[in-house]
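The values are calculated or read from the model by the stated rules, or taken from the named source; none is laboratory data. These figures come from a predicted structure and were not determined experimentally. Backbone-built Cβ (ideal geometry, glycine too); neighbour counts: all protein chains shown. The accessibility values were calculated without ligands, DNA or RNA, using every heavy atom of the protein model including side chains. Shrake-Rupley method; radii C 1.70, N 1.55, O 1.52, S 1.80 Å.
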Amino acid sequence: MIYRSLVLFAAIVCLAACQTEKKEIIFPKTDLTTVPLIPKPVKTIATHSAFGLDSSTTIYTSTVDPKFEEVGKYLSEKIKGKTGLDLAVNATPDNKVERMIYINQSDSLELESAEAYQLYIKKDSILLNAKTAAGAFRGIQTLRQLIPQQSNDTLTDHPLWLIPTGKILDAPKFAYRGAMLDVARHFFTVDEVKKFMDILAYYKYNTLHLHLTDDQGWRIEIKSWPKLTEIGAATEVGGGKSGFFTQEDYKELVRYAAERHITIVPEVDMPGHTNAASVSYPFLNGNGKPVKPYSGTKVGFSTFDAQKDTVYSFLDDVIGEIAAITPGPYFHIGGDESHVTKKKDYIHFVEKVEKIVLKHGKRSIGWNEIAQADIDASTVVQLWNEPEHATKAAKNGSKILISMAGKTYMDMKYDSISEYGLTWAGLIPVDVAYNWLPETLVEGLPVESILGIEAPLWSETIDDSAGMEYLAFPRAIGYAELGWSTTEHCDWENYRKRLAQQVPYLNEMKINYYPTKLVDWAKE
Ligand code: TNX
C-alpha cells in the first residue's frame, strides 16, 4: 500500500515536472527560515526558490488510513478560506496537474513521535510526511502559516501564492499541549467553543479541557440524573443567560475536536466546587448547611458527602455517562480547594473516585491537591499552586501537567488597565506568560515526569467570545510555543517579532486579541 502511494507520488511529480518545464518561472528569492512560524519548528532549511500555489495545484494523500484524506480536505478548505482557491483532493491525475501537495503516511525512523512531521517544499511539489494523521494535521498548520496573505500576480497570467522552498523537520517537545475553558462560571455555546478550537488547532494544541461543573453551574446533561441540568444549569456568575450542553452537543464538540486532532478532557470538579450538583440533589451535600443556588465568585464552601455510598453510586452514573461519550483517555476529577472537606474524607473520596474512573476505562487527572491521597501512577497531577504536591506525585510515578497560576492562568489581567480578568495570582503580561520554561519551572521535577502544559481560562469575568479571546489571545499563542518548540527556540525577542506577524490571521479570524504594547503589531 505504501509502495503504491509512493509510485503514485512519483508519477504525479514527474507529470508536474514535465508540465512546468514548458514555462519555467523565475521566482523571487525566498527565505523559508524567516517566515514567522509559531510554534517555531525544530529544524528549517531554506532553498530560496518558491512553490507557486495556484488553482491547478492538487492535493493527494495516502489512502490507507482514511484520516489522511480528511487532513487533505481540511487543508483544501483552509486554503480556500485564505486564498479563494478550490483545490481538489485525490482527484484522478490528468494533464492539468502542474503542482501537487502530497500528504504521505510514512514509517521513516526520523519521525520519532506520532505528531512529528517532515515538510519538503520544492518548486513543483510539496511532500508532507507523517506517521499518523495527527502528525499530518500538525504539518498542514505549518503549511497554512507558510501561505502568504497576498498573491503574486506578475509572474504568470494568473495569481500565485508563493511558498518558500526548503525543508522543515518538526516534532513537539511535550505530548500534551492544552487549554482549559471554564464553561461553569459562565456558559459558552457550542459555536463559541468551536471557534476557540479552530484557533488552538492553528497553533498545534492537541487538548481542550472543559471545566464542566462548579458551584455556579452544572453544564453537561446526565440522563440518569436529569435535575443536574434542570436545576443545576439555571445559574451562572452574576445571574446571566446560563445553559448547558446536551449529550448531543457534547458529542458534536468531541467530533469537531477529533477532526482537529484535539482530545477533549471533561472535568467534573469534586468534592468541592459542587454547590450546583447539591442544589439539584441535596443528598449529595456534605457541608451540613442548607443548599441554595449560587451566583457569586467565592470558592471553597461546598463539598460532597464523602461518607455516603449513594454519593459514589451517583458518581458512578455521572462518570459512566460522560466516559461513554468521551473517546479520549482522560477524565478530570477536579479535587481543588475542598476547604470544607475533612482531610481524611478528602483522601478517601479521591481514592474512591479514581477507582470509578479506572472502572470506566479512563485515567484520572486532578488538580495538585489530589497528590495528598495515595493515587495510582496512571493518574495525572495538574500543578496549579503547590509544587511539592507535584514532586511527590512524580516520585510515585505520576505524570505532571504544568499549569502554574502565576504563569499560565489566562484569566489573570495582563496589566492594571486590562478590561477583563482577576489578579490573585498577579498580573500576567504577554512577556511574563512566555518567558519561562515548563522543564525548569519546578526544581526537582524531572522533565521525563512532565506530560505537558495547559493554560486554564477561568470565566468569572467573561461571558462571551469577545472576553474569552481578549484573555486567551495572544497569551495562548505563547503557551503553544512553550509546549512545542525546543528550549533554544523559545526566545522572547525572536518570538515577539513572529507574534507581531500573526495580525493577518488574528484579523481574518476576527479574534478580539489584546493588542499589548509589548509587541510592535504588524499593520495590515
Ligand atoms: C482558582 S485553580 C480555582 C478556580 C478559580 C480560579 C480563578 C483552581 C484549580 N481553582 O476555581 O476559578 O482560581 O482564577
Per residue of the chain, what 222 nm ellipticity follows from adding -39500 (n - 2.57) for every DSSP H run with n ≥ 4, rounded to the nearest 500? -10000 deg cm²/dmol
Check residue 245: other-chain or 5+ apart residues with amide H under 5 Å from its amide H, H built from backbone geometry? 220, 221
Calculate, for residue 80 and residue 493, the FRET efficiency according to 1/(1 + (r/R0)^6) with r their C-beta to C-beta distance and R0 51 Å; round to the nearest 0.05. 0.90
By accessible area (1.4 Å), largest first, 339, 209 order as 339, 209
Long-range amide H partners of residue 330 with built H, under 5 Å: 363
Report the calculated FRET efficiency for residue 33 and residue 342 (r = Cβ-Cβ distance, R0 = 56 Å), to the nearest 0.05. 0.45
Within straight-line cross-link reach of residue 292, lysines at Cα separation under 17 Å, skipping those fewer than 8 residues along the same chain: 227
If I take every Cα pair under 8 Å that is 6 or more residues apart in segment 54-105, average their sequence separation and divide by the length, what percent do I get for the relative contact order? 55 percent
Take 115, 454, 248, 69 and sort them by solvent-accessible surface of the protein heavy atoms, 1.4 Å probe, largest at the top. 248, 69, 115, 454
In segment 2-170, what percent of the accessible surface is made up of carbon and sulfur (1.4 Å probe, ligands and nucleic acids excluded)? 56 percent
Set the Förster radius R0 to 25 Å, insert the Cβ-Cβ distance between residue 48 and residue 113 as r into 1/(1 + (r/R0)^6), and round the FRET efficiency to 0.05. 0.25
For residue 450, what residues show an amide H to amide H distance below 5 Å, using hydrogens built from the backbone and excluding near sequence neighbours? 400
Computed over the chain, the ratio Rg/Rh where both radii use C-alpha atoms and Rh is Kirkwood: 1.01
Taking 0.36 nm per residue of sequence separation and subtracting the Cα-Cα distance, how much length would be gained by fully extending the chain between residue 92 and residue 259, in nm to one decimal? 57.6 nm
Given a cut-off of 31 Å, name the pairs among 241/343; 251/517; 298/344; 80/122 whose C-alpha atoms lie farther apart than that in the structure shown. 241/343; 251/517
In sequence order, calculated HN-Hα J values of segment 181-188 (Karplus, 6.51, -1.76, 1.60; Hz; x Gly/Pro): 10, 8, 9, 8, 5, 9, 7, 10
For the chain the mean separation of alpha carbon contacts under 8 Å (6+ apart) over residue count, i.e. relative contact order in percent, is 12 percent
Report the extension gain between residue 507 and residue 297 in nm, rounded to one decimal, defined as 0.36 nm multiplied by the number of residues separating them, less their alpha carbon distance. 72.3 nm
The ³J(HN,Hα) series, computed from each phi in segment 25-33 with the Karplus coefficients 6.51, -1.76 and 1.60 at θ = phi - 60°, rounded to the nearest Hz and given as x for glycine or proline, is 9, 8, 7, x, 5, 10, 9, 4, 6
Would you tell me the accessible area of residue 87, worked out with a 1.4 angstrom probe on the heavy atoms of the protein chains, in Å² to the nearest 10? 10 Å²
Using θ = phi - 60° and the Karplus curve 6.51 cos²θ - 1.76 cosθ + 1.60, what whole-Hz ³J(HN,Hα) does each residue of segment 371-381 get, with Gly and Pro shown as x? 5, 5, 8, 8, 8, 5, 5, 6, 7, 9, 9
Which sequence of 374, 249, 411 reflects their accessible areas, 1.4 Å probe, from the largest down? 374, 249, 411
By how many nm would the segment from residue 355 to residue 224 grow when fully extended, if each residue of separation counts as 0.36 nm and the alpha-carbon distance is taken off? 45.1 nm
